[in-house]
Amino acid sequence: MMINVQNLSKDFKVSKKLGLFKKENEVLHAVQNVSFKIEKGEIVAFIGPNGAGKSTTIKMLTGIIHPTSGNIEIDGLNPSTDRKKLAYNIGCMFGQKSQLYMHLSVIDSLRLLGSIYDMPKQEIDLRISEIAELFKIEHLLDKTVRKLSLGQRMICEIAGSILHSPDIIFLDEPTIGLDIVAKVRIREIILKLNQEKNTTIFLTSHDVSDVEALCNRIIVINNGVIVNDSSIEHLKETYLNKKQIQIYYSKKVGNIITPKYSIVNAFENKIVSEIDTSKENIGDALTYFSSFGNISDIQIVSTPMEEIIKKIYEERKIV
Amino acid sequence: MLTVVKQNFNFFIQALKVSIMSAMEYKVSFLIQAVFMFINNGFFLVFWSVVFNINDGKLQDLEFDYILLLWSIPVISYGVTYFFFGGVTQLNTYIITGQMDSFMLQPKNPILNVITSKCYFSACGDLIYGLVIGIVASKYNIIKLLIIIISGIFGSVFYVSTEIILRAISVWLKDTENIANKYKDTLLTTFSNYPESIFSKGIKLILYTVVPAGYISFLPIKIFYSLDFRFSFIIIAVGILYLAAAILVFNKAMKCYESGNSISMKM
């Protein structure tokens, strides 16, 4: 067992202003009785909307903050009491926080990280060249970190987090703010790490496509409570099988009434249709809609996270 | 134990190299800061020399050498603190903005990791100034010069410890930037630069307890003149107490650390 979490809870004291001087203290239950187990080599997505408790949970798992109650075991260690030992076994990459040094070159940043993990000098250089080859970042090593593009920096951040060959990697929003090319590149790297080194990967993301591309299991958290823990296949069948197609015509089209596809919204030159990808082909749908006029723009959108959570709740109500 | 000390020392050297390399990105700024700090300190000595000249070279029972020591030992302590351990001034910011996360994720002592995370190059000016004045004050006597240098280096224990305490309590008080800065500049540094004899008994009590100026400045000067090394045991014992208190407060603070989600980069 790589990760074993039992009845994990975290409360924060928050103060509410009642006037210029008066304030009232309240307790915010950020995470409530969360339990799950993760085996070695699994890629698990930990998803939920903003403020759901994802980052708080990940911070407790990595020993950054202490839980109010409950037990955590990561690779046989308790993050609160064995923080230093645990740090050698885990790698972390937080999309919003850089561990590289802004004014240093990538290689110097990585060398410093290596020395933080007490790696001998020769081993550090060997590992850097190994990772640089694996990630195809040899050309970035001598660049100053602040001069990297966001996508390049994220790849280098992941490089930094795996320098000491950890057994588990925690990735908090690894593709935040990236364009599609950089996203695909990061996903390839994550998959490679899992396949070649059997690294356990625990990732949070707002991007449903990240989850679809990478994970074999999904844990959904909302308001600090786990609302779903299932395989990606189950979630795909149940919730991720719908795509919204937004079609913009160059001219206003008349009322489109079609029994073939469901129209969510139609306004002047725009049509929004929802496609069930398990039954219908997106290409066929686009050919069909192009028969109504000249298409000037198309957007295909996955079901938003909030929509998935809403559906999970609806399903539970029905059950 | 020895391995841990060696690993931490290696890390300290590496972190220092990184800080210097980071600062070297702005070489001109570094030189200007160091030179201006040197000049800034020099002005105080000019003022003192004017006062001594007016009073025929003596002030109460003090000679100008005493003033040189007041502007050498504490200034070395200040320079060592902010040149080698300048990251300590960032502790409250790291806590409030959630930047402590990256230090907590690494297998290093977070205090050492934080305090070595930044280097103030203006402090290099202080350090050089303190050493130059120290050489003059010692009249090239090696023993006396060593007393100045070792006392100056050890004085940084008091600076670092008080900074850690006052900035770590940000966890509970939200922001202690002003409190810590006022304490450091207005109390600790200012009181260390004036002769002990001008203070009343009540103030002296404060200067040997809450504001440890006595251990940064007065006792080392006593050792310098008397060569009575028993005072050094007092300085070391109190220094260890201050450091232990700082570690205790820091560890307590980290247990209550709540992190944050602001976007941040390591400088």
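The values are calculated or read from the model by the stated rules, or taken from the named source; none is laboratory data. As the structure is a computational prediction, the values presented were derived from the model and not from experiment. Ideal geometry is used to build each Cβ from the backbone, glycine not excepted, and the neighbour counts take in all protein chains shown. Accessible surface areas use protein heavy atoms only, side chains included; no ligands, DNA or RNA. Shrake-Rupley method; radii C 1.70, N 1.55, O 1.52, S 1.80 Å.
Being closer than 30 Å to A:Pro79 by Cβ and away from chain A (no Cβ under 14 Å) is the requirement here; does B:Ile115 meet it? Yes: the conditions hold for B:Ile115. For the range A:240-287, residues that are over 30 Å from A:Ile312 (Cα atoms), surrounded by 13 or more Cβ atoms within 10 Å (Cβ to Cβ) and at pLDDT below 80 total 2. Looking at this structure, is B:Ser259 in contact with a helix residue (DSSP H, G or I) (Cβ under 9 Å, 6 or more places away or on another chain), within 14 Å of chain A (Cβ to nearest Cβ) and not aromatic (Phe, Trp, Tyr)? Yes; evaluated as a whole, the condition is true for this residue. When the strands (runs of 3 or more DSSP E) confined to the range A:21-138 are screened for residues that are open to solvent by 10 Å² or more (accessible area, probe 1.4 Å), those reaching at least 3 such residues are found at A:23-38, A:69-74, A:97-101.
Evaluate the range B:194-213: report whether one residue or more is buried (at least 19 other Cβ atoms within 10 Å of the Cβ) and either within 14 Å of another protein chain (Cβ to nearest Cβ) or of a type in the set (Phe, Trp, Tyr) (or both). Within the range B:194-213, not a single residue is buried (at least 19 other Cβ atoms within 10 Å of the Cβ) and either within 14 Å of another protein chain (Cβ to nearest Cβ) or of a type in the set (Phe, Trp, Tyr) (or both). Any residue at all in the range A:159-175 that's outside any helix (DSSP H, G or I), more than 14 Å from chain B (Cβ to nearest Cβ) and open to solvent by less than 30 Å² (accessible area, probe 1.4 Å)? Taking every residue of the range A:159-175 in turn, at least one turns out to be outside any helix (DSSP H, G or I), more than 14 Å from chain B (Cβ to nearest Cβ) and open to solvent by less than 30 Å² (accessible area, probe 1.4 Å). Can you find a residue that is under 30 Å from A:Gly91 (Cβ atoms) and in contact with a helix residue (DSSP H, G or I) (Cβ under 8 Å, 6 or more places away or on another chain) anywhere in the range A:240-261? Looking through the range A:240-261, at least one residue is under 30 Å from A:Gly91 (Cβ atoms) and in contact with a helix residue (DSSP H, G or I) (Cβ under 8 Å, 6 or more places away or on another chain). Set side by side, the residues B:Asp175, B:Asp185 differ, and just one is in a loop (DSSP other than H, G, I, E, B) and out of contact with any strand residue (DSSP E or B) (no Cβ under 6 Å at 6 or more places or on another chain), which is B:Asp175. The single condition among (1) more than 18 Å from B:Ile216 (Cα to Cα); (2) open to solvent by 10 Å² or more (accessible area, probe 1.4 Å); (3) of a type in the set (Gly, Ala, Ser); (4) part of a helix (DSSP H, G or I) that B:Ser151 does not meet is (1). Candidates are the residues of the range B:95-108 that are out of contact with any strand residue (DSSP E or B) (no Cβ under 9 Å at 6 or more places or on another chain) and within 14 Å of B:Asp175 (Cβ to Cβ); the one that is farthest from the other protein chains (Cβ to nearest Cβ) is B:Ile96. Screening A:Lys143, A:Lys192 for residues that are surrounded by fewer than 22 Cβ atoms within 10 Å (Cβ to Cβ), basic (Lys, Arg) and within 20 Å of the chain's Cα centre (by Cα) leaves exactly one candidate, A:Lys192. For the range B:57-66, the condition of being among the polar types (S, T, N, Q) and in contact with a Phe, Trp or Tyr (Cβ under 8 Å, 6 or more places away or on another chain) holds for none of the residues. Scanning the range A:214-234 for residues being in a helix (DSSP H, G or I) and either within 16 Å of the chain's Cα centre (by Cα) or β-branched (Val, Ile, Thr) (or both) gives a total of 2.
Is at least one residue of the range B:27-38 small (Gly, Ala, Ser), buried (at least 19 other Cβ atoms within 10 Å of the Cβ), within 14 Å of chain A (Cβ to nearest Cβ) and over 29 Å from B:Ala213 (Cα atoms)? Within the range B:27-38, none of the residues are small (Gly, Ala, Ser), buried (at least 19 other Cβ atoms within 10 Å of the Cβ), within 14 Å of chain A (Cβ to nearest Cβ) and over 29 Å from B:Ala213 (Cα atoms). Please find, among A:Asn228, A:Asn216, the residue that is exposed (fewer than 15 other Cβ atoms within 10 Å of the Cβ) and within 28 Å of A:Thr62 (Cβ to Cβ). Result of the check over A:Asn228, A:Asn216: A:Asn216.
Each row is one residue, and each column tells you yes or no for (1) touching a residue at least 60 places away in the same chain (Cβ under 8 Å); (2) of a type in the set (S, T, N, Q); (3) under 22 Å from A:Lys97 (Cα atoms).
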position	(1), (2), (3)
A:Leu178	no, no, yes
A:Val181	no, no, yes
A:Val184	no, no, yes
A:Arg187	no, no, yes
A:Lys192	no, no, no
A:Asn198	yes, yes, no
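Being closer than 30 Å to A:Thr62 by Cα, in a helix (DSSP H, G or I) and in contact with a helix residue (DSSP H, G or I) (Cβ under 6 Å, 6 or more places away or on another chain), is that true of even one residue in the range B:234-248? Among the residues of the range B:234-248, at least one is closer than 30 Å to A:Thr62 by Cα, in a helix (DSSP H, G or I) and in contact with a helix residue (DSSP H, G or I) (Cβ under 6 Å, 6 or more places away or on another chain), which makes the answer yes.
Checked against (1) in a helix (DSSP H, G or I); (2) in contact with a helix residue (DSSP H, G or I) (Cβ under 7 Å, 6 or more places away or on another chain); (3) over 14 Å from B:Gly87 (Cα atoms), B:Leu146 passes all but condition (2).
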